[in-house]
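The values are calculated or read from the model by the stated rules, or taken from the named source; none is laboratory data. All values derive from a computational prediction rather than experimental measurement. Because the Cβ atoms are built from the backbone with ideal geometry, glycine has one as well, and the counts that use them run over all protein chains shown.
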Amino acid sequence: MSVLRKLVTLMRSSVREIGESVVDANAIRVYEQEIVDARHNVAQARGDLTMVMAKEMQSAREIERLRGEAARFETLALEALNKNEAALAEEVAGRVAEIEAELDEQTKAHATYAIQVAKLKELIKGADAKIREYDRQLAMAKTTESVYRATRSIADSVDGTGSKLLSAKESLERIRQRHEDLADRMLAAEQLDREIGSKALEARLAAAGIGAEADRKAQIMARIRARQAPPANEPAAAPGDPA
């Protein structure tokens with residue numbers, strides 16, 4: 001039994017820890033919902049306040065009516081006495097007493113309504129102030145959470161094995177290496193072609209003065225020499241003289 005109780009306790013502890021972790025992970029959402037619930041409760045309190053205020057206004061009107069009725073019947077009782085109708089005056093006085101008793105009850109109710117209205121107004125005013133403060137705190141919490149998420153994202157990108165920036169750097173390095181390999185292969189191919197390919201043969205022919213390139217070079221040199229000015233001690237050739 002002792003082991004069973006410990007297992008039950010362990011299970012309860014695990015459930016509590018899981019519940020706490022879920023609440024912690026959704027703390028802002030829970031906080032926001034609590035504000036929504038508080039705002040809903042305040043709205044209900046406002047509805048209750050309007051109802052109590054309506055009762056207060058109704059009781060005030062009823063007090064004014066009863067006072068008018070008591071004054072009217074009291075005047076009628078006085079008229080009955082003036083006409084020597086004592087019995088009738090007594091009956092009217094009884095009616096005045098009933099009205100005044102009802103007036104006392106209405107006065108007490110009106111005072112109670114006034115106290116309730118004042119309390120509800122104060123409670124709603126305080127609740128509104130707290131909700132505004134909670135809204136400010138919620139906005140700050142959301143901003144802070146966004147900053148934390150951005151910070152974690154930056155940290156994940158900059159630090160750690162397999163980070164995004166590290167992966168990007170490795171990809172760039174691989175691209176650069178491929179480009180260098182391609183350039184080296186092209187340079188090696190060109191060098192090989194110069195040594196043993198067609199370009200090597202053409203180079204040897206040109207060096208021996210054979211081929212189109214050699215003829216072109218000789219022609220260019222002849223054209224340049226023809227345009228060369230004669231030395232100062234030799235007369236310039238006249239037009240028509242053989243060169």
Self-check item: Residue that is surrounded by the fewest Cβ atoms within 10 Å (Cβ to Cβ) [pool: residues in the range 100-128 that are among the acidic types (Asp, Glu) and under 30 Å from VAL42 (Cβ atoms)]
Solution: GLU122
Quiz item: Between a first residue in the range 33-55 that is closer than 16 Å to TYR113 by Cβ and in the same structural domain as ALA141 (by TED's automatic domain parsing) and a second residue that is among the small types (Gly, Ala, Ser) and surrounded by 12 or more Cβ atoms within 10 Å (Cβ to Cβ), which pairs have beta carbons less than 9 Å apart while being 6 or more apart in sequence or on different chains?
Solution: ALA45/ALA127; LYS55/ALA109
Quiz item: Is there a residue in the range 79-99 that is assigned by TED's automatic domain parsing to the domain that holds LEU138, of a type in the set (S, T, N, Q), surrounded by 15 or more Cβ atoms within 10 Å (Cβ to Cβ) and over 26 Å from ARG132 (Cα atoms)?
Solution: no
Quiz item: So is LEU138 closer than 27 Å to GLU74 by Cβ, in a helix (DSSP H, G or I) and of a type outside the set (Phe, Trp, Tyr) or not?
Solution: no
